[in-house]
């Protein structure tokens, strides 16, 4: 391991020159033909810019088990060294945080997962906070009934299983939109059907959202309205990559007639979740990558929008007394609380939770 590490370090000066060239010329995703070269170069630079310390050999067995568990394969030794360094850095942060949590300094815990060898920049590549279209006018709800203290639409059969969008595809908007449509269809038709995010990814390009690029859920709803339908997951399965639209009306599984945006306050979101069903929202997700359990209450979570999720309920945590939003994510069941996160509610729009909330009708 020492010889490999030293070999990496000796190439630092060359690497930094290459990185400056690439970062000004190429925008990289894992699907690009040049991904192997640029990812390797970038990771080498990350490793060289670190604390110049050797990797902790005491973690070798844990590293190998983690790779096996998450089926990790790397392009070469250079990439693996870089990934290992990132993984160790994340592991140290997680252990430190959880120690503080055990002392009552935090209301949530962290854990390593399939994202632990990625940087925030990779996970949210091309996902800088997005500007919500100004012409998307909020529509207040007219709710006069008392709202329940707790809501969980999973118990009513309005929520399908947790999915995984894959690390390299920014298709969260399509999953969030599909989830809201699934809830609408289950509530109005009494039938819960897994709908196709891939259908939305492939076919809503003219509306401004396409494939593995960041997008907006209302674009997906508009496509479904104009197309008079969306396919089921069974007939149009997820591929995690850009594709050609191949929707067939014979495979239509659900529809909607319009959509609405909520005002940017948490009371409006609570009213909608309680009376309508699962709601598509945008959040700032850079800091939740390693969330494991508890109520995520973190003052440094930004208010910009760079990730789409589905609010399926709300409640109050019995241990901490914190109000929370119950949120379905699309990073697999190994992340968070079986794929869900409880995000602090009534905490000044934690992570931008109510900044962009939309639902189909």
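The values are calculated or read from the model by the stated rules, or taken from the named source; none is laboratory data. Source: prediction; values computed, not measured. Neighbour counts are summed over all protein chains in view; Cβ atoms, including those assigned to glycine, are modelled from backbone coordinates with ideal geometry.
Structure notes:
- The selection criterion, being farther than 23 Å from residue 242 by Cα and either at pLDDT below 50 or in contact with a strand residue (DSSP E or B) (Cβ under 9 Å, 6 or more places away or on another chain) (or both), does not hold for residue 66.
- Within the stretch 187-202, the set of residues being under 13 Å from residue 246 (Cβ atoms) and in a helix (DSSP H, G or I) comprises 198, 199, 200, 201, 202.
- Inter-residue pairs, beta-carbon under 9 Å, first more than 19 Å from residue 276 (Cβ to Cβ) and not assigned by TED's automatic domain parsing to the domain that holds residue 200 and in the stretch 164-183, second at pLDDT 95 or above and in a helix (DSSP H, G or I), 6+ apart: none
- Looking across 235, 249, one residue alone is more than 18 Å from residue 164 (Cβ to Cβ), assigned by TED's automatic domain parsing to the domain that holds residue 151 and either buried (at least 20 other Cβ atoms within 10 Å of the Cβ) or modelled with pLDDT under 95 (or both). It is 249.
- The set of residues in the stretch 305-321 that are surrounded by 21 or more Cβ atoms within 10 Å (Cβ to Cβ) and more than 22 Å from residue 219 (Cβ to Cβ) comprises 313, 314.
- Matching entry among 336, 332, 302 (being at positive phi, assigned by TED's automatic domain parsing to the domain that holds residue 146 and surrounded by fewer than 24 Cβ atoms within 10 Å (Cβ to Cβ)): 332
- At least 1 residues being out of contact with any helix residue (DSSP H, G or I) (no Cβ under 8 Å at 6 or more places or on another chain) and closer than 24 Å to residue 102 by Cβ is the threshold, and among the strands (runs of 3 or more DSSP E) wholly inside the stretch 268-361 those reaching it are 291-296, 307-316, 323-328, 340-344.
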